[in-house]
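Asks: Just passing along the structure, written as structure tokens.
The values are calculated or read from the model by the stated rules, or taken from the named source; none is laboratory data. Predicted, not measured: the structure shown is a model, and the values here were computed from it. So basically every Cβ, Gly included, is an ideal-geometry build from the backbone, and we count neighbours across all protein chains shown. Accessible surface areas use protein heavy atoms only, side chains included; no ligands, DNA or RNA. Shrake-Rupley method; radii C 1.70, N 1.55, O 1.52, S 1.80 Å.
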Amino acid sequence: MDADKYDKAINACALDKDINSFDHGDLTEIGQRGINMSGGQKQRIQLARAIYNDADIYLLDDPFSAVDAHTASVLFNDCVVTALAKKTVVLVTHQVEFLSEVDRILVMDGGQITQSGSYEELLMAGTASEQLVNAHRDSITALGSLNGQGEGESRGIAPVMFNGCSPTKQNSEGEISVKGPPGIQLTQDEEVEIGDVGWKPFMDYVSISKGSVYLSLSILTQLTFVVLQATSTYWLAFAIQIPNMTNSMLIGVYTGVATLSAVFVFFRSLYAAQLGLKASKAFHSGLTNAIFKAPMLFFDSTPVGRILTR
């Protein structure tokens, strides 16, 4: 952690006021995919991370698309021109107001480079790039005349566009401020229970699914199965003491009791499966209803992985 380089990157990307507006400063937790941040804040944070990385070559793909004109001029002057003055910067942009400040311009049309040179050289060439720049200048001039002599917006835009002046930093973007109860971060740690869970989960399994009937039938069929198992054993012990008992009679009764036991085993499994299926449907339905009806703050503060795990 280089504090000096960190502060320079923050200031160059006009993030100081945004960080100061957060309850926890630069330690504020951001939601999934930056959901509680504006597009401009996301872009400026990416620029700050790139500047802090201190690379030799920077490839910037229209980094000013999500900010307004004033913030874009601040970023261009403080970030691209000043902070990256000794770096190789390839900037892709549609904003022609920045062309006068760059060293070399490549004009692309249909995926191919059609022109190359400095700002003055392209204006002297009398091609499409000159027409584009002139049309942009005319629109700015017309806007200034419509707003009047003393209205500050057009007078603030014109120096930014063509005179190379660096305006003062301010949050003109209408950024989203991450505010919440003091001392509480956005994403809370999960509660973890330690020790025996007790009987409550088992009782919930039956009560939420309203499966007391299936539970009672499962218990009843299990008890009947145990009784039949004991009966078959008792029958063998009792029948061998009868002198006139034939083998067919002995085996026939024992087979009938065993078959009846198997029937009750089947019903026991059937009722247990029905209870499990009904409970699973009840839990899943309750979960999906809670997710679909949850307020947006829940999704801002709950990671997606935590929901999918449930």
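Asks: With respect to Lys278, determine if the residue is touching a Ser or Thr at 6+ places or on another chain (Cβ under 6 Å), at pLDDT 90 or above and open to solvent by 70 Å² or more (accessible area, probe 1.4 Å).
Replies: Answer is yes for this residue.
Asks: Is it the case that Leu250 is of a type outside the set (S, T, N, Q), farther than 26 Å from Val206 by Cβ, open to solvent by 60 Å² or more (accessible area, probe 1.4 Å) and at pLDDT below 90?
Replies: Answer is no for this residue.
Asks: Within segment 99-121, restricting attention to residues that are free of Cβ contacts under 8 Å to residues at least 60 places away in the same chain and of a type in the set (Ser, Thr, Tyr), which residue is surrounded by the most Cβ atoms within 10 Å (Cβ to Cβ)?
Replies: Tyr119
Asks: Just the residues that are closer than 22 Å to Leu297 by Cβ and open to solvent by less than 20 Å² (accessible area, probe 1.4 Å), please, taken from segment 1-24.
Replies: Asp18 - this is the single residue of segment 1-24 that is closer than 22 Å to Leu297 by Cβ and open to solvent by less than 20 Å² (accessible area, probe 1.4 Å).
Asks: Across segment 197-214, what is the number of residues that are exposed (fewer than 12 other Cβ atoms within 10 Å of the Cβ) and either in contact with a helix residue (DSSP H, G or I) (Cβ under 9 Å, 6 or more places away or on another chain) or assigned to a loop (DSSP other than H, G, I, E, B) (or both)?
Replies: The total comes to 5.
Asks: Within segment 55-63, is even one residue buried (at least 16 other Cβ atoms within 10 Å of the Cβ) and outside any strand (DSSP E or B)?
Replies: Yes, there is a match, as at least one residue in segment 55-63 is buried (at least 16 other Cβ atoms within 10 Å of the Cβ) and outside any strand (DSSP E or B).
Asks: Oh, and also: Determine, yes or no, whether Ala272 is among the small types (Gly, Ala, Ser), in contact (Cβ under 8 Å) with a residue 40 or more places away in the chain and open to solvent by less than 70 Å² (accessible area, probe 1.4 Å).
Replies: yes
Asks: Might you check whether a residue that is in the same structural domain as Leu15 (by the TED database), in contact (Cβ under 8 Å) with a residue 40 or more places away in the chain and open to solvent by less than 40 Å² (accessible area, probe 1.4 Å) occurs anywhere in segment 84-98?
Replies: Within segment 84-98 (the criterion being in the same structural domain as Leu15 (by the TED database), in contact (Cβ under 8 Å) with a residue 40 or more places away in the chain and open to solvent by less than 40 Å² (accessible area, probe 1.4 Å)), the answer is yes, since at least one residue qualifies.
Asks: Continuing with this model, one more query. For the structure I just gave you, tell me whether Leu223 is modelled with pLDDT of 90 or more and open to solvent by 90 Å² or more (accessible area, probe 1.4 Å).
Replies: Criteria met by Leu223.
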